[in-house]
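K.L.:
Questions regarding the structure given below will be posed in turn.
The values are calculated or read from the model by the stated rules, or taken from the named source; none is laboratory data. This one's a predicted model, so the numbers in the text were calculated from it and none came from an experiment. Reconstructed Cβ throughout: ideal geometry from the backbone, glycine too, with neighbour counts over all protein chains shown.
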């Protein structure tokens, strides 16, 4: 700590304003923006722990090590591939403006002014930009992980994740946030109801279809066998941590520390989640006779996903309404997919795909400046590309490596066969 | 992220100082204050996960789903009712200065300058103010939830919480922070030892009395049957998360980013919690023969509650002393309430009511500028109103809906009867 | 909140610039630096929960209360002794520049300008400086706690921790960060691969040697009996929380909010952890036949420890390489220590000592401006002093109090004999 700044630019401009107060002010503004963006980045990092604990809690104890291992690896895969190719695919530069694909070259390529870089909506450093965006990247694959849990082969999932995070997510991201064709058409997706959660949700749908349901989940002719999660405390911790991190996910998407913008976005984020809890709890109370905790948790997440697309443009009142609607939508969607025999152990498709699409389309309904048709086109295009890509990857993996563990292994649990260990040893007292 | 700012004021003043450096400086100061206040807000949000895990850990496994469900719903209830009526009750405006009740109207009512609003101690936006205060609101009901755990009906508790958070907490809050009669009398409660923790603690006392003890807790003639919590890791996670969030609870209560103030408040917060651990561990070691972890956890919380009232005015040395005293106080109080056959499963009354009152009164002893009599009056008035209100609500609910589950349900655990599910499925290996 | 500022300097300089814009700018810069440093401080606090859950998860259920209790107490001990003597030992003032030991007096001694204090690399308050450094202090003892888990007496460990944190860590810290002889020789350890993690790691080695292995861990002639941790979710939560807090540990070590520096440091921190996961997972997959989750977790931590020494001067690419190398190093080290019959239940020596030394030496290899010999000298000197001190403390405690619990107690678990309680009561359903 004493010896800092050896290779870094020592003494930034603001330390010695040297007569130009306006430049000094801009340098200070950069400092504040950068602090806020890094706080947001660290909060988004915490979401990965949220995903890990939520998915582990909502599935069976015998597959817990496998789920935790996958979620840990996905963070590493996300950060490393984003540094290697993802960031360059997602932000290929102005030469590809309005396009569908572009590439700025392998690895991180900091410009000369990397540490005083000015972006469209504010000023912060190139490194902050990379890290904030990189934290988003792993999210798409993590969402898929929940839907394919308890039956997917570990090696196949890791290969899928690497390709999905390295290529599919950044290409879609470029369409909207990298200045691509969706941005040019006026599609509005502030922090990624579609660009992040939709991509993950459609990937989850492809995975759930290709893999098929868990053994014993559906019995002829019409029986649906509930397979309950093994730890509701773990699932609850996960939901709260996701919400906690979402304040950075949405708050950082303002891309500056502009006071009005970030505080409104956080209010919207808080109220959206709150609304989702109320109706998900009430709907499950009504439909199932008793209020279900896992439904209430998914309600919070559904509300958060739904307000993410328009968190910058909807009012707090609209956020409450959107959250309330999403809470009902997510419960209905979970039950509907179960009827369709589409086995999604954690409800990832309902939360991320369905509520993501609903929230994105809602911006077109609620906000006059945003075209409803444009929102539908964006949701459709992202969905088609993400689903087709994920399907193709799973299909290729099935043909080569195989994507599903054997029936014996599935019954025993993936922890023992894939990892040689168990998640819990609670009984051993000697 | 690309399309930000559609409906928000684009380009804040500081982006184009246009010749007035002083205005530009104030705009930047607003930016920094606002970032700090939002960081504090997000930290306070994390306290709700802390409460959920602490309460779940300190109670029996068979009631865990119920506790997690209640704590999740209380966050939603807190945020939504605070947006609907609480904020307007708590900050009714200058017309009600020095009064006991006021109301500024339903819903959020942002002023024209909502995004550059200047408050007494600093400048940040209206939205930040709402959200920071809103995160506090749910706390009062959450504290009650711990004391009535394992025997209160879910529906009755949710109705109680809604009314307690929507009406009782904001009215007390107005007395002190909304410019009401307690503030006018010079009552000093910086971040809410009494205004938040006291309100919750007195509500907890009312609930514990009206509900009566859990079945089997006390046996004739003098036996006290310990009912231990089911997961000490969960309880420990909860305590650490509460402490983590307390840095925002107290640090944000400075209501600006003033460097000396926020850093001193955080030092006081850290040392108060540390002191509480030492004496609670030592006292339980002395009295019980062995050092009890749950006592040490409650010692940390007792220390934190105790330094909250004067975190802005006491010295770090006084914070250590106050923490040390609170650690002993909380252990003695827990044992005393047990002797009095007042069953409080998580020690909420000892932590929040007793240490809150102790910390509030201590400010009057330690700080010459603060009147001891004034502190006693404040503690007494808040206690009387909170206890009477909570008692009234529980009494009315008992007469109508009933507030206690049946004996069979209590023995089986609330999870199965109220929610139709269990918290853990650890044994199922096929 | 209404009544803030009673004893604190009311109205900081920046509130009334009064004609001097440069002074006003500096005051604002102080504000931003201070906010960042406090955010970092709170993140480092979260690491203590990370250590508690990681260690608890990787050990047996019957010792969980003991581990949680120790980790909670160590936070209190760290903060209180650092306020009492540690801070004064570590930063004794310029009179001791280049020296090996110094002392500025008991207790906190804020200078007249405590709230506008300017440090070498930036400006923030005296209180922030104390608290950020104080959060580091407890870390050294916490690292030891993992290596001596499941067999050390509670009272002996608490006495060891108090002396180790109060005296040993601050003396080493003074050598480097307090302007002592290592700093004067140009030793480079940015955030403490050696000064924090090395000190703890060498203490862990001394403890593991003096205590000897757990009963039944090694059998004649060559058998190594694996004693697996009791909760992989808890261990995973711990690892993620440590990483989360590490963004503050490294990011705050910049000692200012300088945008380029803090954002680069966070990128390096993220990529180091990511690299460690990949190779630790791959190495365990290769060597053990299956990918081990606990190895992957230790890989993340090994990567983080390794990049900590040079986080300010290595490039992101170098961070990836260092992380990748550390992931392999940590797995090999864990297996090697097991062969040497050195029982370290959580792998603390491999993670903190080995990866810490590796990362510190690597700075001398990777960065031309840093002397490799100087790095080796620093690692050696810190190691010799820390190991000898810890050995001496454990030896003295063994001669007096005894440091190891009896064999019966060890078999039953420390929770019952030391604390009179168990960590889990999952089976009780009535």
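K.L.:
I'm trying to understand the selection: among the residues of the range C:261-296, which are within 9 Å of chain A (Cβ to nearest Cβ), assigned to a helix (DSSP H, G or I) and surrounded by fewer than 24 Cβ atoms within 10 Å (Cβ to Cβ)?
P.N.:
The answer is C:278, C:288.
K.L.:
Continuing with this model, one more query. Given the conditions (1) within 14 Å of chain B (Cβ to nearest Cβ); (2) over 27 Å from residue C:350 (Cα atoms); (3) touching a residue at least 40 places away in the same chain (Cβ under 8 Å), which single one is not true for residue C:108?
P.N.:
Residue C:108 satisfies every listed condition except (3).
K.L.:
Follow-up question, since we're still on this one. Please identify the pairs in which a residue from the range B:13-34 that is farther than 25 Å from residue B:252 by Cα has its Cβ atom under 7 Å from the Cβ atom of a residue that is buried (at least 17 other Cβ atoms within 10 Å of the Cβ) and modelled with pLDDT of 85 or more, counting only partners at least 6 apart or on another chain.
P.N.:
Close Cβ pairs (under 7 Å, with a partner that is buried (at least 17 other Cβ atoms within 10 Å of the Cβ) and modelled with pLDDT of 85 or more) amount to B:17/A:25; B:17/B:24.
K.L.:
If you don't mind, another one. Restricting the search to the range C:216-233, which residues are within 21 Å of residue C:412 (Cβ to Cβ) and either facing chain A (nearest Cβ under 7 Å) or surrounded by 14 or more Cβ atoms within 10 Å (Cβ to Cβ) (or both)?
P.N.:
C:217, C:218, C:227, C:228, C:229, C:230, C:231
K.L.:
Before we move on, is residue B:299 more than 8 Å from chain C (Cβ to nearest Cβ) and at negative phi?
P.N.:
Yes.
K.L.:
Let me ask something else. For residue C:49, are the conditions met, namely being within 7 Å of chain B (Cβ to nearest Cβ), more than 19 Å from residue C:240 (Cα to Cα), assigned to a helix (DSSP H, G or I) and within 15 Å of the chain's Cα centre (by Cα)?
P.N.:
no
K.L.:
Would you confirm whether any residue within the range C:29-36 is more than 7 Å from chain B (Cβ to nearest Cβ) and either closer than 22 Å to residue C:166 by Cα or not in a helix (DSSP H, G or I) (or both)?
P.N.:
The answer is no; no qualifying residue exists.
K.L.:
May I pose another question? Kindly establish whether residue C:241 is crowded, with 24+ Cβ neighbours inside 10 Å, within 9 Å of chain A (Cβ to nearest Cβ), closer than 19 Å to residue A:40 by Cβ and without any contact (Cβ under 8 Å) to a residue 40 or more places away in the chain.
P.N.:
no
K.L.:
Counting residues that are in contact (Cβ under 8 Å) with a residue 12 or more places away in the chain and surrounded by 18 or more Cβ atoms within 10 Å (Cβ to Cβ), which helices (runs of 4 or more DSSP H) fully inside the range C:313-430 reach at least 2?
P.N.:
Filter on the range C:313-430 gives C:316-339, C:355-366, C:372-400.
K.L.:
All but one of (1) within 14 Å of another protein chain (Cβ to nearest Cβ); (2) under 19 Å from residue C:196 (Cα atoms); (3) in a helix (DSSP H, G or I) hold for residue C:310; state the number of the condition that does not hold.
P.N.:
Exception for residue C:310: condition (3).
K.L.:
Being under 26 Å from residue A:391 (Cα atoms), at the interface with chain B (Cβ under 8 Å from one of its Cβ atoms), outside any strand (DSSP E or B) and touching a residue at least 60 places away in the same chain (Cβ under 8 Å) narrows it down to one residue among A:208, A:204, A:191; which is it?
P.N.:
A:191
K.L.:
Give just the number: which of (1) without any contact (Cβ under 8 Å) to a residue 40 or more places away in the chain; (2) surrounded by fewer than 24 Cβ atoms within 10 Å (Cβ to Cβ) does residue A:76 not satisfy?
P.N.:
Here residue A:76 clears every test but (2).
K.L.:
Given (1) farther than 30 Å from residue C:128 by Cβ; (2) part of a loop (DSSP other than H, G, I, E, B); (3) within 14 Å of chain C (Cβ to nearest Cβ), where does residue B:213 come up short, assuming only one miss?
P.N.:
(3)
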